[in-house]
Each structure stands twice: as C-alpha cells, then as structure tokens.
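Remarks on the structure that follows.
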Amino acid sequence: MTAAHAVDVLIVSLGSTGGLRAADAELEQSLRRAGASVALAQATPPREMRTLALTDLGWALAARRAARAELDRRTPRAVIYSSTTAALLWPRSGAIRFDATSHGNRRGRHGLWQRPLERRRLGRAPQLLPWSERGLLEAPPPARRGDRALVLPVPVEPSGPPEPVRDIAAIAYAANPSKKGLDRVLEAWRGMRADPPGEHSGEGSGELLIAGAAAEELQGAGLLVPGEEGVRVMGTLSPEEYRALLRRARVFVCAPRREDYGIAQLEALADGCLLVTTPAPGPYAALPIARELDPRLVSEDLQSALRAALEDPVTDYSTRAREALRPFSRVRTDRLVAEQLLPRLLS
C-alpha cells in the first residue's frame, strides 16, 4: 500500500439514523481540525427486516462490507466503529463509539445474538468512546474495566440567532413514533386543548408541529386523523428547516419509551425551547438537565407539564440551558479530540 493510500483514522459509519450520521460528520471534522487525515466508510442501508435481531444483522453486514472495502484501499493507523452494531462483525479491531449498547437496548429475544458478541467486541476494543457516562454504565461490567474509555459527547450548538417572536406553541420529533412516544404526546396535547384555554399569546400559539414523519404514516398507524385541529405534520425536513422551526417554538415535547441519547432534545434546548418530557430509561443526556432547569416539566403527567411550560414558563430557562450545554460545545469536543482521543488512537 502506497503512502498516498495511508490515513490516520478510518471511521466506519453505520448511519442508520440522522443523529448517527450527524455525529459521525462532527467526529470526522473534529479529527481533521486536530490535524488528522480521515476516511469515512459509509454502510449501505440494508433492506427492511421484520425483527430487530435481523435488522441489526443486516446493518452489521453492511458495516463489515463498507469497512472491508476501505481497508482494501487504505492503511489506517486506527479504526473507529460508530456504534456497537457497526463493530459486531468487524474485519479488524478498533475503537468503538456508541450512544447505547445492545446490553441496554436489546433486551430479551431482540438481542439474542447481539449481546454476547457485543460483549466480546467491547472487551477487545482498544478504546471505548461512549457518548455519555450513562451510556458507558450500560455496557457489561467487564467491558468497563481499565482506562480504555473516553466519554466523547456529540457537539450541540445553537443553529442561529433566536427569533424575536416564538409563534409556535410546541414541536415534537416523531421519527420512529412508537419509540418516541408520539401517542402519549398527542394524548397530552389533546387533553390540554380540551381544558379551558389558558392565556396564550402569539400567532399560531395553539398548534403542535410534528416533524420527522409523514402524515400518511401517522394516520396509517392510527395516531392521527386527517385534518385534526391544532396539529400540523411537517414531514421529513432538512436539518436547516427543522432547526429553524426550533428557533420559533416555545416548547419541545416528547415522551420516549427509551432514550439512547436524545440529540433532538439537546438541539431543542440549544435553540431556546423549553423541554417537556416524561422520564425515560436509557442514557438520556438531556434528562438531568431538564430536571435541573424546571422539574415541573419532567413528569409522567405530560398534560400538566405542557400547560406549565406554555402558561407559566420560567423566565431564565433559556439562559440557564445555554450554560448547562457548555459541556456539549464544539470547542470542548475539539479539545478532547486533539488532547486525548487522537494521542490514544495513534499511540
């Protein structure tokens, strides 16, 4: 292999969600800013499967093919597998970056083959790069021994200056609507609208926007009826379009049944939304922040939490949210990558 084909770091990107793709792009750029040469091996999405176990197998095979193709062309000094699924069938050992593990989010039959193989991969990986401390704690105890782990958050920054008027009452993100608990969000929203109206202000203040899913999908799942008053489905948006809506919204509302990290919630906080959420299992990065900012807005009683956010908001919420998000800044992540991650990878 010639020097022209050498590279410092190869990132094997699963990219099965928009959040994973954005996280990989951030890591790639951060490594480049630290002076490393980087190549990206992008898995080709497999066909849809009926079970999570088969779905993970399809993605693991796709990641292996992508990694193998790049390794045939290049000689990387280090490899980073983005997610434990990408590492399950690795052709060469490498660091594993993950938001959550199969040990945490593939219980029972859903992770029958993934969990034991993941345990071996985590044990052999030269570095573990969890997105959060809570994500690392969900890994099997033997994998957490030693000093191989470096918590490396995904950077979250404001997408632009805040809008002078927040004319959208609430917004929800509904890619994978069952996991995100959209049924519970809609139940709470309808219940609040059925009560005597509060003293809202602003154009469009009585509307819930739903992004990340098509109206036909939600109607087919029985979650929405066509033309429902007070709810508008935006469908799949570009990141720029979606973040522009966040800057206009007063509240981001969600009710996840499990949260592996929650980039959408962190983005909402960064763009000045109040976060209304139910508690959820998993390494939910925004949950402790939301509890600290206003514990009334973190509740199984989502309807009451919504009403509190819309009718009695804490006035300095956004200011304190920006301060709470400082550990997720791009500057801090770049420092971690340059001073700790890159020396570990290339040593």
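Tell me, yes or no, whether region 44-59 has at least one residue that is modelled with pLDDT of 95 or more and of a type in the set (Lys, Arg).
Checking region 44-59: not a single residue is modelled with pLDDT of 95 or more and of a type in the set (Lys, Arg).
Just checking, how many residues over region 143-162 are free of Cβ contacts under 8 Å to residues at least 60 places away in the same chain, assigned to a loop (DSSP other than H, G, I, E, B) and in contact with a helix residue (DSSP H, G or I) (Cβ under 7 Å, 6 or more places away or on another chain)?
1
When residues of region 41-64 are filtered for being in contact with a strand residue (DSSP E or B) (Cβ under 9 Å, 6 or more places away or on another chain) and among the basic types (Lys, Arg), how many remain? So that I can check it myself, show each step before the final result.
Here is the first cut: in region 41-64, the ones in contact with a strand residue (DSSP E or B) (Cβ under 9 Å, 6 or more places away or on another chain) are 41-43, 63-64.
From the residues that got through so far, the ones that are among the basic types (Lys, Arg) too are 64.
Result for region 41-64: 1.
Taking Pro279 as the residue in question, decide whether it is touching a strand residue (DSSP E or B) at 6+ places or on another chain (Cβ under 9 Å) and more than 21 Å from Glu157 (Cα to Cα).
Details: touching a strand residue (DSSP E or B) at 6+ places or on another chain (Cβ under 9 Å): yes; more than 21 Å from Glu157 (Cα to Cα): yes.
Judged against the criteria, Pro279 is a match.
Would you pick out the residues in region 28-58 that are among the hydroxyl-bearing types (Ser, Thr, Tyr) and surrounded by fewer than 18 Cβ atoms within 10 Å (Cβ to Cβ)?
If we filter region 28-58 for residues that are among the hydroxyl-bearing types (Ser, Thr, Tyr), which is where we start, we get 30, 37, 44, 51, 55.
Scanning region 28-58 gives Ser37, Thr44, Thr51, Thr55.
When you scan region 218-272, how many residues do you find that are out of contact with any helix residue (DSSP H, G or I) (no Cβ under 6 Å at 6 or more places or on another chain) and at positive phi?
Looking only at that region, the number is 4.
Among the listed residues Leu274, Leu297, Leu293, Leu266, which satisfies the condition of being touching a residue at least 24 places away in the same chain (Cβ under 8 Å), farther than 13 Å from Lys179 by Cα, touching a strand residue (DSSP E or B) at 6+ places or on another chain (Cβ under 6 Å) and not small (Gly, Ala, Ser)? Write out each step before concluding.
Values: Leu297 fails: touching a residue at least 24 places away in the same chain (Cβ under 8 Å); Leu293 fails: touching a strand residue (DSSP E or B) at 6+ places or on another chain (Cβ under 6 Å); Leu266 fails: touching a strand residue (DSSP E or B) at 6+ places or on another chain (Cβ under 6 Å).
Checking each option against the conditions leaves just Leu274.
Could you list all residues from region 80-108 that are aliphatic (A, V, I, L, M), at pLDDT 95 or above, surrounded by 21 or more Cβ atoms within 10 Å (Cβ to Cβ) and in contact with a helix residue (DSSP H, G or I) (Cβ under 7 Å, 6 or more places away or on another chain)?
Of all residues in region 80-108, those aliphatic (A, V, I, L, M) come to 80, 86-89, 95-96, 100.
Adding the requirement that they be at pLDDT 95 or above leaves 80, 86-89, 95-96.
Filter once more, so that each one left must be surrounded by 21 or more Cβ atoms within 10 Å (Cβ to Cβ): 80, 86-88, 95-96.
Passing the criteria: Ala86, Ala87, Leu88, Ala95, Ile96.
Here's a check for you: in region 168-180, which residue that is surrounded by 15 or more Cβ atoms within 10 Å (Cβ to Cβ) and at pLDDT below 95 is nearest to Gly230 (Cα to Cα)? Spell out the reasoning first.
Within region 168-180, the first condition is being surrounded by 15 or more Cβ atoms within 10 Å (Cβ to Cβ), and the residues that meet it are 168-175, 177, 179-180.
Filter once more, keeping what is at pLDDT below 95: 174-175, 177, 179-180.
Numbers: Ala174: 16, Ala175: 20, Pro177: 18, Lys179: 23, Lys180: 20 Å.
It comes out as Ala174.
Just to verify a result, which residue in region 243-262, among those that are touching a Ser or Thr at 6+ places or on another chain (Cβ under 9 Å) and either outside any loop (DSSP other than H, G, I, E, B) or not assigned by TED's automatic domain parsing to the domain that holds Ser304 (or both), is farthest from Ser83 (Cα to Cα)?
Among those residues, the one meeting the criterion is Arg250.
The values are calculated or read from the model by the stated rules, or taken from the named source; none is laboratory data. Here the structure is a predicted model, which is why all the values come from computation and not from measurement. Positions of Cβ are backbone-derived with ideal geometry, glycine not excepted, and every protein chain shown enters the neighbour counts.
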